[in-house]
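Every read-out reported here was derived from the displayed coordinates using simple, explicitly stated rules and does not represent laboratory data. Quick caveat, the model's predicted, so the values are computed rather than measured. Positions of Cβ are generated from backbone atoms using ideal geometry, with glycine treated the same way; all protein chains shown enter the neighbour counts.
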Amino acid sequence: MTPHTVTASHPARRIPGESGTWVFLFGDMLVFGAFFVTFLVERAKEPDVFDAARTTLHLGVGVLNTLVLLTSSLFVVLALTATRTGARTLATRAVVAAMGCGLVFIALKVFEYVSLAGAGHGPGANHFYLYYFILTGLHLFHVCLGLGALAFMATQTRRDELGATRTALVEGAACFWHLVDLLWIFLFALLYLVS
Amino acid sequence: MELTLQRIGAWAGTVMILLYGTSFSGIAQLFPPLSPVSSADEIAAFFTDHKLWVRFGVSGALLSAALALPFLATIVLRIRRAERRFGMLSMTQLMAATVFVPALIFPQFFLGVAAYRPEQRSAELTQALNDVFWLWFIGIVGTIIVQNVTLAIAAFVDQGDPPTFPRWYGYLNLWVAILSLPGCVVVVFNDGPLAWNGVFAFYIPGLVLVIWLFSTTAVMLKSIRAEQAALAAA
């Protein structure tokens with residue numbers, strides 16, 4: 001690994017996290033891309049069914065969840081900047097706030113699942129709901145992994161000083177959370193909005 | 001000598017999947033997979049029409065799967081080098097790797113039985129044998145995930161000089177582990193992307209397994225060569 005000290009103003013352009021992290025992040029994006037294409041192919045087969053089912057989703061909850069995740073990403077950016085400048089208390093608080101947003105996201109998602117299943121729109125109802133539950137379920141699993149990454153970040157922000165490896169790991173965790181956010185924005189557009 | 005044998009072992013994984021894939025897809029013609037929503041008569045008709053091909057394909061797969069053994073031994077030994085002893089990672093890897101070859105061999109016998117006398121029994125029996133094959137073949141993912149996770153940890157704690165595993169290989173293993181996960185729910189779904197012929201349960205886990213085998217061969221070969229060069233220089 002290339003040794004580097006992290007300061008707020010680094011002269012050279014640098015990839016955040018260790019370069020290996022991006023194998024995972026791009027791999028994950030690639031796979032979600034494949035899932036999105038699969039969904040679009042299935043949708044092309046029964047456009048009327050998919051469009052009718054789409055309108056039964058709670059658009060308001062979807063919008064709210066998008067805002068919740070965007071806010072959490074903002075907190076993560078704040079936490080990272082605070083870590084770099086050594087503002088440990090602020091960094092820890094920002095990470096905890098981001099985790100709180102993640103928990104709100106999960107709670108809203110569970111509410112949506114229960115309400116959809118209660119209205120007879122469970123995963124078995126038709127292909128739209130099957131894909132809806134699988135895609136959002138997979139994303140929810142990523143949110144849970146992301147909460148684990150943020151929890152790790154929270155343990156690191158308390159430290160006095162971070163070495164190059166730890167800094168790279170913290171940046172990697174932050175990048176993963178941004179990926180979770182990014183994937184949701186695509187998922188939200190695809191499932192709730194595109195008609 | 002030991003390191004040369006390890007290099008042969010590293011190659012064995014790639015050679016295994018090529019031969020196994022040829023037997024399964026090329027000879028037995030089971031790629032793309034049969035559909036879980038096909039009727040019993042359709043399934044029985046497939047086995048009646050292709051019975052000799054399926055039998056030869058199964059024979060080839062039964063033999064080639066055993067080639068994974070030296071490959072798995074090499075993985076365990078490389079992890080031992082990374083953690084500098086037979087510790088938790090190498091032992092957990094060893095336990096999980098034990099299931100790898102049986103998972104490739106045992107389900108094949110159900111295909112063999114299905115193709116053995118498909119015209120002399122009712123179609124439902126052939127369909128049941130076919131179901132057992134696919135659910136078993138796709139459903140065993142837990143042990144592979146354990147293999148990936150132990151390899152990932154080994155790559156992150158690697159103390160070898162020259163290094164045993166590059167760090168990107170650790171992340172690759174985490175990626176493979178996550179994508180293999182959907183295979184475990186294959187018994188839940190009769191149709192759709194999580195059924196045994198679906199995108200999430202079959203194509204993506206299958207693709208990442210092949211990527212994992214190829215990259216594991218490449219990573220281990222490179223580090224064994226580096227180790228040999230370091231020994232020669234010393």
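For the reader, a short list of remarks on this structure follows.
- Among the residues of the stretch B:155-164, the ones that are more than 14 Å from residue A:20 (Cβ to Cβ) and surrounded by 22 or more Cβ atoms within 10 Å (Cβ to Cβ) come to 1 in all.
- All of (1) under 30 Å from residue A:23 (Cβ atoms); (2) in contact with a helix residue (DSSP H, G or I) (Cβ under 7 Å, 6 or more places away or on another chain); (3) not small (Gly, Ala, Ser) hold for residue B:95 with one exception: (2).
- Selected residue (criterion: farthest from residue B:219 (Cα to Cα)) from residues of the stretch B:165-187 that are buried (at least 20 other Cβ atoms within 10 Å of the Cβ) and at the interface with another protein chain (Cβ under 7 Å from one of its Cβ atoms): B:179
- Applying the criterion of being touching a residue at least 60 places away in the same chain (Cβ under 8 Å) and more than 16 Å from the chain's Cα centre (by Cα) to the residues of the stretch B:190-207, the residue that is nearest to the other protein chains (Cβ to nearest Cβ) is B:191.
- When the stretch A:122-148 is filtered for residues that are away from chain B (no Cβ under 11 Å), over 30 Å from residue A:86 (Cβ atoms), surrounded by 14 or more Cβ atoms within 10 Å (Cβ to Cβ) and within 21 Å of the chain's Cα centre (by Cα), the ones remaining, listed by number, are A:132, A:136, A:139, A:140.
- Residue tally, condition surrounded by fewer than 16 Cβ atoms within 10 Å (Cβ to Cβ) and touching a Cys at 6+ places or on another chain (Cβ under 8 Å), over the stretch B:107-142: 1
- Unmet criterion (only one of (1) surrounded by fewer than 22 Cβ atoms within 10 Å (Cβ to Cβ); (2) within 22 Å of residue B:161 (Cα to Cα)) for residue B:62: (2)
- Residues located in the stretch A:149-165, provided they are closer than 20 Å to residue B:171 by Cβ, surrounded by 14 or more Cβ atoms within 10 Å (Cβ to Cβ) and not hydrophobic (A, V, I, L, M, F, W, C): A:156
- Count of the stretch B:1-58 residues which are among the polar types (S, T, N, Q), in a helix (DSSP H, G or I) and more than 22 Å from residue B:164 (Cβ to Cβ): 4
- Residues that are closer than 14 Å to residue A:134 by Cα, touching a Ser or Thr at 6+ places or on another chain (Cβ under 8 Å) and outside any loop (DSSP other than H, G, I, E, B) within the stretch B:170-202 comprise just one, B:199.
- Counting only residues that are outside any helix (DSSP H, G or I) and surrounded by 16 or more Cβ atoms within 10 Å (Cβ to Cβ), the stretch A:57-96 holds 2 of them.
- Test: residue B:210 is under 24 Å from residue B:97 (Cβ atoms), within 15 Å of the chain's Cα centre (by Cα) and surrounded by 22 or more Cβ atoms within 10 Å (Cβ to Cβ): no
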